[in-house]
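Laboratory data are not the source of any read-out in this text; all were calculated from the coordinates shown. This is a predicted model, so every value here is computed, not measured. In this analysis, Cβ positions are derived from the backbone assuming ideal geometry, glycine residues included, and neighbour counts consider all displayed protein chains.
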């Protein structure tokens, strides 16, 4: 909404909380409310969801109601007036168990061809919502794009072990190598998906920072990630030493964004190399948008 406000588009925000960027306050679980919001709309960007951390505070039924039924309501009402684009913000969490190979296996090279194996109610409901988008694209002719986004929130890691072992910024910069994106790049991917929806029809895309790694690196990444990083960006060691940071000893998966770059024309600006150059210059490694949005938390 912050980005769309600076464009020629007229954007209407829908949320369960009021804000400067919210036009309608209500829930996507209410079909009549959704129908009212769709009047005069040309494109839908659907980011409403319960996230993985909500597993601790919400029931499985809540996840089904919001992530599945809410998506169904939006798709049904978006189909009626002939909306030109429907973009669904999904998550790389749908891959689930496919992200963690057996202990003696190479790191997983994650492309859109990897079969998801959801490991919790969050992943199950996000994948179900994706499949609903594909169904409506096929049966109703609604142009739908599914963006499986990597991590872009600034909140602390959800694993206590990782919070104890790494400084928060250190960990986030590490993740730009294989599983994280900057929110400015994520937004850009969504707007490109709106523009390309009519030509694409239906598409699933991984949205994550461009990795420096290649498929042949996956055996070494699982054994000695610092050595692989040093192969591509040897200057990282000096900067990490200056900051008292650590590289991850092993990396178990790599998200690959090639399809999004090829089909959406997406050119992400923020990656590990960019962050490293900015850190060496004592500059902010995040985008201005990431700084402006800041941390919202999961439980308000």
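Any chance you could give the angle, 0 to 90 degrees and rounded to 10, that helix 121-140 forms with the longest Cα principal axis of the chain?
Tilt relative to the chain: about 50 degrees.
For the range 86-143, what is the relative contact order in percent, using Cα pairs closer than 8 Å and at least 6 residues apart in sequence?
The normalised contact order for the range 86-143 reaches 40 percent.
If you average the sequence gap of Cα pairs under 8 Å that are 6 or more apart and divide by the length of the range 173-223, what percent do you get for the contact order?
Here the relative contact order equals 57 percent.
Would you work out the relative contact order for the chain, in percent, from Cα pairs under 8 angstrom that are 6 or more residues apart?
Relative CO of the chain lands at 18 percent.
Give me 7, 125, 59 ranked fewest to most by other Cβ atoms within 10 Å of their Cβ, as a rough exposure proxy.
Least to most surrounded, the residues fall as 7, 59, 125.
Pairwise over distinct Cα atoms, reciprocal of the mean inverse distance: report the Kirkwood radius of the range 51-161 in Å, one decimal place.
15.4
Kirkwood hydrodynamic radius (Cα pairs, Å) of the chain?
20.2
As a check on your grasp of the helix formula, calculate [θ] at 222 nm for the chain: sum -39500 (n - 2.57) over DSSP H runs of n ≥ 4, divide by the residue count, round to the nearest 500.
Taking each H run of at least 4 residues, the total per residue is -11000 deg cm²/dmol.
Could you please rank 190, 54, placing first whichever residue has the fewest other Cβ atoms within 10 Å of its Cβ?
Listed from fewest to most nearby Cβ atoms, that is 54, 190.
So how far, in whole Å, is the C-alpha centre of the range 110-149 from the one of the range 200-270?
So the separation of the two Cα centres works out to 24 Å.
Let me check I have the definition right: for the range 1-123, take the eigenvalues of the Cα gyration tensor, multiply each by 5, take square roots. What are those semi-axes in whole Å, largest first?
Computed over the range 1-123, the values are 31, 17, 14 Å.
With a ≥ b ≥ c taken as the square roots of the eigenvalues of the C-alpha gyration tensor of the range 10-62, please select rounded if a/c is under 1.5 and otherwise prolate if a/b is larger than b/c or oblate if it is not?
Here the range 10-62 falls in the prolate category.
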